[in-house]
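In what follows, a single structure is set out as structure tokens and then discussed.
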Amino acid sequence: MKALIMLVRVCGLISIVLGAMLWAGRETLLGAHIGLGMLIALLVFVLAVMALVKKAVVPGAIGLVLSLLLPVVGFMQLPLTFHTLRMIQVIHVMVGLCIIGLAERLYSAVRVR
């Protein structure tokens, strides 16, 4: 279980860095960024299910929704336009940061109960 949250932390940090590099025009990093995002969504989905099993309903339900929303919002950005800041990109960053924070909450809910 500790490995799940550590993976979310590391992958989240790397994904944020890759996202910034993508915005700067390094489009060759898109595949890695998408792969890490999918991994984060999967890990949070697993943590959310574990939280639901432990009767942490609200964080678990939010985790399920955000884990499905992250890739949807990410793919809505395609085709990418570099060096511009569109609202969907801002929403994607906000969902990404929220999902990392929520993973911490889910981990604490699963660990305590």
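Where a number appears in this text, it was derived from the coordinates with a stated rule and is not lab data. Every value quoted in this text rests on a predicted model; they were computed, and no experiment measured them. Cβ placement follows ideal geometry from the backbone for every residue including glycine, while neighbour counts extend to all protein chains displayed.
The table below gives the values:
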| read-out | value |
| --- | --- |
| Translational diffusion of the chain, µm² s⁻¹ [Kirkwood Rh, Cα pairs; Stokes-Einstein; 4 °C; 1.567 mPa s] | 91 µm²/s |
| Sum of -39500 (n - 2.57) over DSSP H runs of 4+, divided by residues of the chain (222 nm, nearest 500) | -28000 deg cm²/dmol |
| Spin-label pair residue 10/residue 23, simplified geometry with 7 Å Cα→Cβ offset, distance in nm | 2.5 nm |
| Dipole axis of the chain (+1 Lys, Arg; -1 Asp, Glu on Cβ), positive-most option in 108, 21, 45 | 108 |
